[in-house]
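A quick write-up on the structure given underneath.
Please treat every number below as a calculation from the coordinates, not as lab data. Being a predicted model, the structure only gives us computed values, none of them experimental. Methodologically, a virtual Cβ is constructed for each residue, glycine included, from the backbone with ideal geometry; neighbour enumeration extends over all protein chains shown.
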């Protein structure tokens with residue numbers, strides 16, 4: 001019999017990072033898929049463009065759940081004329097209150113040219129104050145590294161790649177096989 005201390009939270013097993021700096025926003029994610037202590041796949045794509053390409057997002061958690069949430073977010077973006085904040089709030093309300101969606105186990109980082117947001121199943125729509133956001137098992141490592149690099153590097157993608165390398169060197173659920181999506185920002 002296992003107890004609750006033996007189970008990892010559902011968002012373990014990946015690292016997603018977003019960096020916004022000097023007119024560019026980057027969402028970057030590692031490619032490792034783990035089942036317990038075994039690497040099942042080293043090159044999964046957990047970051048993608050959404051809708052018409054004006055929004056990029058990455059997920060941590062159950063893949064099927066995340067794709068369901070991406071589809072819902074794309075629908076909300078259409079309904080709210082591409083306004084990411086309004087679409088994200090609408091999705092968070094549904095995710096928190098809908099009986100089916102409430103059971104989905106994933107977290108998301110989404111960004112457009114104006115805003116970066118972290119979305120959770122608790123109804124959270126969080127906007128980082130300094131242009132850096134991270135989720136997943138290696139998220140705190142990548143977040144710390146990216147924040148430290150913000151004063152020394154000018155390019156958002158360079159910061160993201162270096163921070164993900166740090167996370168991959170520390171977190172056993174993160175690898176260096178990354179997917180990067182970039183948008184010009186304001």
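For this structure, a couple of remarks:
- A helix-only calculation puts the chain at -10000 deg cm²/dmol for mean residue ellipticity at 222 nm, using -39500 (n - 2.57) for each DSSP H run of at least four residues, averaged over all residues.
- Length, then width, then depth: along the principal axes, the Cα atoms of the range 17-62 run 39, 23, 15 Å.
- Each of 141, 59 has some number of other Cβ atoms within 10 Å of its Cβ, and from fewest to most they run 141, 59.
- Stokes-Einstein D for the range 24-174, Kirkwood Rh over Cα pairs, 37 °C, 0.692 mPa s (µm²/s): 208 µm²/s
- Applying 1/(1 + (r/R0)^6) with r as the Cβ-Cβ distance of residue 182 and residue 130 and R0 = 22 angstrom yields a FRET efficiency of 0.75.
- In this simple spin-label approximation, residue 86 and residue 68 carry label points 7 Å from Cα along the Cα→Cβ vector, and these lie 2.7 nm apart.
- The ranking of 107, 164, 85 from fewest to most other beta carbons within 10 Å of each one's beta carbon is 85, 107, 164.
- Distant alpha-carbon pairs in the range 56-121 (separation over 20 angstrom), percent: 16 percent
- Cα-based Kirkwood hydrodynamic radius, the range 9-88, one decimal, Å: 13.8 Å
- In plain terms, the residue of 93, 24, 46, 41 with the fewest other Cβ atoms within 10 Å comes first and the most crowded comes last, giving 41, 93, 24, 46.
- Estimated inter-spin distance, residue 165 and residue 102, nm [label 7 Å along Cα→Cβ]: 4.6 nm
- Binned Cα-Cα distance frequencies in the range 99-186 - 10 Å width, integer %: 16, 45, 31, 7, 0
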